[in-house]
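Student: Supplied in structure tokens, the structure appears directly below.
The values are calculated or read from the model by the stated rules, or taken from the named source; none is laboratory data. If you're wondering where the values come from, they're calculated on a predicted model, not measured in any experiment. Cβ coordinates were reconstructed from backbone atoms using ideal geometry, including for glycine residues, and neighbour counts include every protein chain displayed. Keep in mind that these areas ignore ligands, DNA and RNA; they rest on the heavy atoms of the full protein, side chains included. Shrake-Rupley method; radii C 1.70, N 1.55, O 1.52, S 1.80 Å.
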Amino acid sequence: MSGARDRVTDALYGLGWGTVKKLPEPMATALGRTIADTVWKRRGPSVLRLEANLARVVPDAGPERLAALSKAGMRSYMRYWMESFRLPAWSTERVREGVEIKDIHLLMDGLTSGRGVVLALPHMANWDLAGAWLTRGQGVPFTTVAERLKPETLYDRFVAYRESLGMEVLPHTGGSAFGRLARRLRSGGLVCLVADRDLSSSGIEVDFFGDATRMPAGPALLAQQTGALLMPAALWFDDSTVMRGRVYPAIEVPRTGTRAEKTSVMTQAMADAFADGIAEHPEDWHMLQRLWLKDLERGPE
């Protein structure tokens, strides 16, 4: 049964990449909104989880406000998919004009310094578009990691898709990724990591919107071991066709403390920057999974 379900999943994604990218942009936008609203009305587990997560982000929101946020959140999430399906067909000019990042000079100056930069992002808006904007629009190559998806053919699709946008993609699992990322940073390169959810057993506990969760140690450890700058960023949509974003100032490595203590301090600072961006644009945070430790301890939903 699992194998059949995996084949169906892979086929549906293949249909999306093969069909949606051929649609005119207004039609793809309308389709995405229709799908989002339909899914939202069904009130399935993903929508309920998104709403529960948003309740932590906006603790004073009542049921109506949360419902409005989750509806906007599903529309944002489907905008991500519609744009991602169509992104390989976008011209370089369309990619370049489709993103506007505040304080991007912080990133560019960091790269110019030769130290290398770890750019850490939460699951906000369209991080693939931001990556294409860097590689195709700004001529800045970078390396990233990808979560191993099931079925394997789906993972291969995602890797091929991101590589077609100019990214170097490493698998999240396996011990070689960290070393290769470190080498890229030591040579002055850019590493981009989506880092608001821990996918390992070695995450760092942080306070996030007043409660405990874990975030990956990798960004802070890479910065410590290579001398690279660790810069958080946030992305969001508005009513235009342009995605907005912001780069935050680099997180300093503490001068004193053990490596574990330094990693904890830096990861908390990264979490605080993420919280700042998410609090300003909660509807663009695509967290449809359980995140906080209390929720994870409750077992399957």
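Student: Can you report the number of residues in region 134-151 which are in a loop (DSSP other than H, G, I, E, B), touching a helix residue (DSSP H, G or I) at 6+ places or on another chain (Cβ under 7 Å) and touching a residue at least 40 places away in the same chain (Cβ under 8 Å)? Quick ask: steps written out before the conclusion?
Tutor: First, pick out the residues of region 134-151 that are in a loop (DSSP other than H, G, I, E, B): 138-141, 147-151.
Narrowing the set further to residues that are touching a helix residue (DSSP H, G or I) at 6+ places or on another chain (Cβ under 7 Å) leaves 140-141, 148-151.
Right, trim to touching a residue at least 40 places away in the same chain (Cβ under 8 Å) and you get 140-141, 150-151.
So the count comes out to 4.
Student: Restrict the check to region 288-301 and report whether at least one residue is over 22 Å from Leu69 (Cβ atoms), free of Cβ contacts under 8 Å to residues at least 60 places away in the same chain and crowded, with 20+ Cβ neighbours inside 10 Å.
Tutor: Within region 288-301 (the criterion being over 22 Å from Leu69 (Cβ atoms), free of Cβ contacts under 8 Å to residues at least 60 places away in the same chain and crowded, with 20+ Cβ neighbours inside 10 Å), the answer is no, since none of the residues qualifies.
Student: Take the residues of region 166-183 that are in contact with a helix residue (DSSP H, G or I) (Cβ under 9 Å, 6 or more places away or on another chain) and either under 18 Å from Arg259 (Cβ atoms) or basic (Lys, Arg) (or both): which is most open to solvent (accessible area, probe 1.4 Å)?
Tutor: This residue is Arg183.
Student: Consider Val58 carefully, then state whether it is open to solvent by less than 20 Å² (accessible area, probe 1.4 Å) and within 21 Å of the chain's Cα centre (by Cα). Steps first, please.
Tutor: On the way: open to solvent by less than 20 Å² (accessible area, probe 1.4 Å): no; within 21 Å of the chain's Cα centre (by Cα): yes.
For Val58, the condition - open to solvent by less than 20 Å² (accessible area, probe 1.4 Å) and within 21 Å of the chain's Cα centre (by Cα) - is not met.
Student: Can you pull out the residues in region 121-133 that are open to solvent by less than 10 Å² (accessible area, probe 1.4 Å), touching a strand residue (DSSP E or B) at 6+ places or on another chain (Cβ under 7 Å) and either part of a helix (DSSP H, G or I) or of a type in the set (A, V, I, L, M, F, W, C) (or both)?
Tutor: Within region 121-133, Met124, Ala125, Leu129, Gly131 qualify.
Student: Among Arg115, Arg86, which is touching a residue at least 60 places away in the same chain (Cβ under 8 Å) and surrounded by fewer than 19 Cβ atoms within 10 Å (Cβ to Cβ)?
Tutor: Arg115
Student: Can you tell me which residues in region 269-282 are touching a strand residue (DSSP E or B) at 6+ places or on another chain (Cβ under 9 Å), under 26 Å from Glu51 (Cβ atoms) and part of a helix (DSSP H, G or I)?
Tutor: Selection gives Met270, Ala271, Asp272, Ala273, Phe274, Ala275, Asp276, Gly277, Ile278, Glu280.
Student: Another question, if that's okay. Can you tell me which residue within region 218-254, out of those that are charged (D, E, K, R) and more than 19 Å from the chain's Cα centre (by Cα), is farthest from Asp109 (Cα to Cα)?
Tutor: Looking at residues that are charged (D, E, K, R) and more than 19 Å from the chain's Cα centre (by Cα), I get Asp239.
Student: I've got another one for you. Under 8 Å between Cβ atoms, at least 6 apart or on separate chains: pull out the pairs that start in region 22-47 with a residue that is farther than 11 Å from Lys71 by Cβ and end on any residue that is of a type in the set (S, T, N, Q) and surrounded by 12 or more Cβ atoms within 10 Å (Cβ to Cβ).
Tutor: Correct list of pairs: Glu25/Thr241.
Student: If you don't mind, there's one more thing I want to ask. Any chance region 209-225 includes a residue that's in a strand (DSSP E or B), open to solvent by 20 Å² or more (accessible area, probe 1.4 Å) and among the β-branched types (Val, Ile, Thr)?
Tutor: no
Student: Continuing with this model, one more query. Output the residues belonging to region 255-277 that are surrounded by fewer than 15 Cβ atoms within 10 Å (Cβ to Cβ) and within 20 Å of Leu106 (Cβ to Cβ).
Tutor: Residue satisfying the conditions is Asp276 alone.
Student: A further question follows. Only one residue in Ser187, Ser240 is free of Cβ contacts under 8 Å to residues at least 60 places away in the same chain and either more than 16 Å from Gly277 (Cα to Cα) or open to solvent by 20 Å² or more (accessible area, probe 1.4 Å) (or both). Which one? It would help to see each step written out before you state the result.
Tutor: On the way: Ser187 fails: free of Cβ contacts under 8 Å to residues at least 60 places away in the same chain.
Of Ser187, Ser240, the one residue that is free of Cβ contacts under 8 Å to residues at least 60 places away in the same chain and either more than 16 Å from Gly277 (Cα to Cα) or open to solvent by 20 Å² or more (accessible area, probe 1.4 Å) (or both) is Ser240.
Student: Exactly one condition in (1) hydroxyl-bearing (Ser, Thr, Tyr); (2) out of contact with any helix residue (DSSP H, G or I) (no Cβ under 6 Å at 6 or more places or on another chain); (3) within 16 Å of Met287 (Cβ to Cβ) is not met by Ser91; state its number.
Tutor: Tallying (1) hydroxyl-bearing (Ser, Thr, Tyr); (2) out of contact with any helix residue (DSSP H, G or I) (no Cβ under 6 Å at 6 or more places or on another chain); (3) within 16 Å of Met287 (Cβ to Cβ), Ser91 fails exactly one: (3).
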